[in-house]
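For reference, the structure discussed in these notes is given below.
The values are calculated or read from the model by the stated rules, or taken from the named source; none is laboratory data. Not measured: the values here are computed from a predicted model. Cβ placement follows ideal geometry from the backbone for every residue including glycine, while neighbour counts extend to all protein chains displayed. Side chains included, ligands, DNA and RNA excluded: accessible areas come from the protein's heavy atoms. Shrake-Rupley method; radii C 1.70, N 1.55, O 1.52, S 1.80 Å.
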Amino acid sequence: MKRIFYFLIFLLLASCTKTKESQQITLESLLHEMVSFDEATRYPSPFYSSLQVSSYDRHSISPDSVGWFANNDGFGIERIDTIDGRIEKVMFDQKGPGAITRIWITTIDKRGTWRFYFDGSENPGWVIPAYDLMQLDIPEVGRGLLQPHTSYEPNGKGGNTLFLPIPFAQSCKITFEDEPGVNPTPKYYHINYRKYGEGTKVETFSKDMLNSLKEAIVETDKMLLDPPLAESDSLLVANANLPAGDSLTFSLPEGGNALNRLEFNIEINDSMDYEQSMRQIIFQASFDGKQTCWVPLSDFSGGGMGAPYVRSWYLSSDGKGQVISHWVMPYRSTGQITLINANKETVKAGVKLGISKYDWDERSLYFHTSWKQEDGIELSTDPSNDKNCMDWNFATLSGRGIYKGDVLSLYNHAPAWYGEGDEKIWIDSDTFPSQFGTGTEDYYNSSWAPVVPFQTPFGGAPRADQESSHGYNTFFRTRNLDGIPFSEKLVFDIEMLGWQPGTVDYATTVFWYGDFDSVAKGTSGMDEATKKLVFKE
């Protein structure tokens, strides 16, 4: 039996943020975009490519050549420059207008000096006196924009991730100089950046710019740590007992609108069944007659298997059945939200839906959530043996869209760390991945496995059951300024490398925006969602 709720409301015109082709890209505009839920729904204008340089092992050249799975990831650099007698390792050197959106680093010895050179200057515009972004020396940057990893030690190993945007008009070069007399140690890094088209107006990062935007930086940082509740023109609240096999559907008001607040409150009769039950409640959404979301509620929450506590910019969950989404879901004329109970018992479901007017234009995209699961994936322990290694397909998207984040929820049957493999993200006609990483925990903004649970505005590790990494683990990452636009396709692969032989069961959830005809390939359905979870092994 299906129950359908209809509601009619008068919607007031809401303001929306649009980026004009002629608008200058500045630190201020990027901070504003970072916390704009509306802008996240639109294809970028001016357009940019979202790229990454990293310290991946340079023996990885192509899938058809020896060394594709090489794993000595701490020494990859662009080149070495000698500047005024200093030996500087060039980690980033990009020409043309752009903006750095994320810097992730870690090491075991932080002694040395970072230097940032802008627009061809021979003198660094910014200096950090260690391989440690916590020494950035911008007091206004707090834990919203800069996060130490759980392994971080100020005078030892560990690292951090910076999300303060760094725009540049003509060029940017980043180098690191080891402290003289100190033996070089691995320096792991990712630098994500936007590459704008020639002629795009960008104001280069500077100390004067920082001084003029102190208040904006502070406010952005605070907002990231405490996301504002969307102001909706109308709010629907409903509570119902949802019998086994039943569904609850809400038909949204017709017209150009957006769902900008979505909250579920699920009550399970037997708390011992919570983990399995949350996996077997399905969130489904359709807009303008096309289904764009199908995902277990546990995975949609960002927590994955077990639906644990989550707190981030786009998603939060109390670990007891409440799931709150800040994703904006626009549509031209019609929308439906459905909750499916695939359990064998009745659950009590509370739902809150916030709707506001949305100005649909040529850049507007539909919200998608794609889910897939595969069990028994073999781990390799020898990255030098290409024949025994594999790239597992995390997600494949076709059409035009923007990749906005993902959840990796898994059961590790192996006795030790499973995530040694690098992510490889291919965009459109790439002949080499636009983004080539250095390991699973690095991609998810932490470092040094095994990982312990942590939360940040941009994701975290909501679940890590055992110190050995055996059993259940969940990572998730959402992308504000480091979202990845694609015009034809996006393919996300990840290497299956671990410390010891064994298998893993992977479930991946992908958050993205796309055109009406954009699709995710290789997704899973009800058979996988209702498989009995592993509780003891």
Measure nothing but the geometry: give the 0 to 90° angle between the long axis through the Cα atoms of 214-225 and the longest principal axis through the Cα atoms of the chain, rounded to 10°. 50 degrees
At q = 0.12, 0.18 Å⁻¹, what log₁₀ I(q)/I(0) does a Debye calculation on the Cα points of region 137-286 give, no solvent, two decimals? -0.92, -1.21
Only four residue types carry charge here, +1 at the Cβ of Lys and Arg and -1 at the Cβ of Asp and Glu. Report the dipole size of region 137-238 about the Cα centre in Debye, rounded to the nearest 20. 360 debye
Solvent-accessible surface ranking, highest first, for Glu177, Glu254, Glu423 at 1.4 angstrom: Glu254, Glu177, Glu423
Counting sequence-distant residues (5 or more places) and residues on other chains, those with an amide H built under 5 Å from that of Ile83 are Glu88
Log10 I(q)/I(0) at q = 0.15, 0.23, 0.32 Å⁻¹ for region 255-302, from Debye over equal alpha-carbon scatterers, is -0.50, -0.91, -1.26
For region 57-108, the Rg and Dmax computed from alpha carbons only, in angstrom: 14.3, 41
Keeping all protein chains in place and using 1.4 angstrom, which order do His413, His470 fall into by accessible surface area, from largest down? His413, His470
What are the radius of gyration and Dmax of region 115-176, computed over its Cα atoms and given in Å? 12.8, 36
Could you compute how fast the chain diffuses translationally, taking Rh as the Kirkwood radius over C-alpha pairs and applying Stokes-Einstein at 20 °C with viscosity 1.002 mPa s? Give it in µm² per second. 90 µm²/s
Over region 81-182, calculate the relative contact order: mean separation of alpha carbon pairs under 8 Å at least 6 apart, over the residue count, as a percent. 44 percent
Reciprocal of mean inverse Cα separation for region 219-371 (Kirkwood radius, Å): 15.9 Å
Dividing the mean separation of Cα pairs under 8 Å (6+ apart) by the residue count of the chain yields a relative contact order in percent of 18 percent
Quote the convex hull volume per residue of region 406-537, based on C-alpha atoms, as a whole number of Å³. 128 Å³
Thinking of region 384-445 as a set of Cα atoms, what percent of all their pairs are more than 12 Å apart? 78 percent
Largest to smallest principal axis extent of the C-alpha atoms in region 236-325, angstrom: 42, 32, 22
Along region 146-153, what does the Karplus equation 6.51 cos²θ - 1.76 cosθ + 1.60 (θ = phi - 60°) give for ³J(HN,Hα), rounded to whole Hz, x for Gly and Pro? 9, 10, x, 6, 5, 8, 5, 10
Over region 438-492, what is the relative contact order in percent, taking alpha-carbon pairs closer than 8 angstrom and at least six residues apart? 25 percent
I'd like the Karplus ³J(HN,Hα) series for region 308-314: coefficients 6.51, -1.76, 1.60, θ = phi - 60°, whole numbers in Hz, and an x wherever there's a Gly or Pro. x, 4, 9, 9, 8, 5, 8
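When N is the residue count of region 341-421, what does its C-alpha Rg come to as a fraction of 2.2 N^0.38 Å?
It is 1.70.
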Could you give the length gained on full extension between Glu78 and Glu231, defined as 0.36 nm per residue of separation minus the Cα-Cα distance, in nm? 50.4 nm
Compare the Cα positions of Leu297, Thr523, Gly376 along the charge dipole of the chain (+1 at Cβ of Lys, Arg; -1 at Cβ of Asp, Glu; about the Cα centre) and return the one farthest towards the positive end. Leu297
Distance between the C-alpha centers of region 225-280 and region 47-106? Whole Å please. 43 Å
Using +1 at the C-beta of Lys and Arg and -1 at the C-beta of Asp and Glu, which of Asn239, Pro501, Ile484 has the Cα lying farthest in the positive direction of the dipole of the chain? Asn239
